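Here is the structure we will look at, set down as C-alpha cells.
The values are calculated or read from the model by the stated rules, or taken from the named source; none is laboratory data. Computed from a predicted model, the values in this text were never measured in an experiment. Glycine also receives a Cβ, built like all others from the backbone with ideal geometry; neighbour counts cover every protein chain displayed. Just the protein is used for accessible areas: all its heavy atoms, side chains included, with ligands, DNA and RNA removed. Shrake-Rupley method; radii C 1.70, N 1.55, O 1.52, S 1.80 Å.
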Amino acid sequence: MTNPSPLTRLTTHGYVIIPSFLPPSTLSALRTASSTLISLSSAGQWPHVRTTGKQFPPWDPSLVPHSAGIWGVQHLLHPSLPLPPSQREAFVKLYFSPALLSLSREILSLPPPDGLVMELFNLLCEPSDGKGFELSWHRDDIPASATEEEERERVCKPGEVYSHTQWNLPLYDDSSLVLVPGSHSRPRTAAEREADPHGGDLEGQVVVELKAGDLVFYDNNILHRGVYSGGKQRVTLHGSVGRADGGGEGMKKRARNVLQHGVGSWVERADFSCLGEGEERKTAEGMRRRLVEMGRAAGEVGYSLVG
C-alpha cells in the first residue's frame, strides 16, 4: 500500500508535514540570516514587523511601536532588507527553490513550467519582549462574523483545486501552531462559534510538533492559532504561493489576502539575480510578473480580517 500524497493528506486533514525538508547547510545559513534580521527589526532598524497586541494587517509601527515587542518580520524578499547580500540571497534561494516549488505545484495540481504566482514570505519569532503571546482562533480569509452558509461556500470543497498553498518552515523545533484537523472543509460547529477566540482549547485540536527543518503545508482557512511561549525560541519561515488561472471573485479574494500585507509596493524592485540566468531565475521572474498582474487586475483590495 502506498502512502497518501501530500495533496491527499492536505485535502483530508487540512495540513501535511514534510519531515526533514531542509538540509543542514541550508538550515545553518537561514538561521544566520534570520537571527541578524530579528535583531535589527527588534531594534527598530526594519519597519516591516508584526507587533504584539496586533494580529492582522495593516502592520503599521505607528499604531503599535516596536518597543511593544515584535512577533514577526515581514517581506523577506524586499530589495531593501538590511542584510549582507549573502544573507538576503539565502531567503531568495529558499523561496524559489525547485524542491519547495515542486511540492507547491503538486498541491496546486499545476504541472510545470508556468502558472505559479509569487505571494508572501515572512518570518515568525518569539515575542521580543520575552512575554507570551497568543493569537485568536481564526481562518485567514473568512471573518469570524461569517454565517454558517457563508463559511460553507468558502471552505475547501471535495475535488476543488487549490488556488494557493501556505507553509511554515521552522529553523528550530516549533510547537506554536495549533489547529483543528478537518475544519478547513466545514463550517464551524456551534461550540466553535461560541468559544472564546482568545483562550481555551477546541475539541479535536492538535498542536503541530515540528522539528527544525520540517515543512508543514496547511489550508489557510483551517481553524488555527499561534501560541507563543515567553522565552521559548521560535524562528519559523512563513510563506505562500498561488496559481494564476483563478479568476473573477476568487481572484479578488486571493489578491486581498496577499496584497493587504503591502508586498505590491516593492515587488517590482526585488532582486533575483542570485538565481543566475537559468530556469530558476526564469521561474522567479514569471512568478513576480503574475503577482504584479494580479494586483493590477484586482485594484484596491482592503483587508481580510480586523484586529
Practice problem: Take 173, 245 and sort them by solvent-accessible surface of the protein heavy atoms, 1.4 Å probe, largest at the top. | Solution: 245, 173
Quiz item: Picking from 36, 220, 207, whose Cα lies most toward the positive end of the charge dipole for the chain (charges on Cβ: Lys, Arg +1; Asp, Glu -1)?
Solution: 36
Quiz item: Hey, got the dipole for the stretch 143-200? About the Cα centre, +1 on K and R Cβ, -1 on D and E Cβ, debye to the nearest 20?
Solution: 160 debye
Quiz item: Given only helices, namely DSSP H runs of n ≥ 4 each adding -39500 (n - 2.57), what is the per-residue ellipticity at 222 nm of the chain, to the nearest 500 deg cm²/dmol?
Solution: -9500 deg cm²/dmol
Practice problem: Between residue 285 and residue 109, take the C-beta separation as r, use R0 = 25 Å, and let me know the FRET efficiency to the nearest 0.05. | Solution: 0.60
Practice problem: Work out, in µm²/s and without decimals, the Stokes-Einstein translational diffusion coefficient of the chain at 10 °C, 1.306 mPa s, Rh from Kirkwood over C-alpha pairs. | Solution: 81 µm²/s
Quiz item: What is the Å³ per residue value for the convex hull set by the Cα atoms of the stretch 3-156?
Solution: 162 Å³
Quiz item: In the Gaussian network model of the chain, springs joining C-alpha atoms below 10 Å, which of 162, 218, 15 carries the largest mean-square fluctuation?
Solution: 162
Practice problem: Name the residue, out of 296, 256, 234, whose mean-square fluctuation peaks in a Gaussian network model built on the chain with Cα pairs under 10 Å. | Solution: 296
Quiz prompt | Nearby aspartates and glutamates by direct alpha-carbon distance to residue 131 (threshold 18 angstrom, same-chain neighbours under 8 apart not counted) | solution = 174
Quiz item: Shape call for the stretch 158-276 from the C-alpha gyration tensor, a ≥ b ≥ c root eigenvalues: rounded (a/c under 1.5), prolate (a/b greater than b/c) or oblate?
Solution: oblate
Quiz item: Based on Cβ point charges of +1 for Lys and Arg and -1 for Asp and Glu, what charge dipole magnitude is obtained for the chain about its Cα centre, in debye rounded to the nearest 20?
Solution: 460 debye
Quiz item: In the stretch 99-205, how does Rg compare with the Kirkwood Rh, expressed as the Rg/Rh ratio over alpha carbon atoms?
Solution: 0.99
Practice problem: Quick one: among 171, 103, 179, which has the greatest mean-square fluctuation in a GNM of the chain with alpha-carbon springs under 10 angstrom? | Solution: 103
Exercise. Take the alpha carbon atoms of the stretch 181-238, find their radius of gyration, then divide it by 2.2 N^0.38 Å using N residues; give the quotient.
Key: 1.29
Quiz item: How about the stretch 140-220: which trypsin sites (Lys or Arg not before Pro) there lie in a loop by DSSP and see at most 14 other Cβ atoms within 10 Å?
Solution: 211
Practice problem: Work out the charge dipole of the chain with +1 on the Cβ of Lys and Arg and -1 on the Cβ of Asp and Glu about the Cα centre, then indicate which of 101, 130, 84 is farthest towards its positive end. | Solution: 84
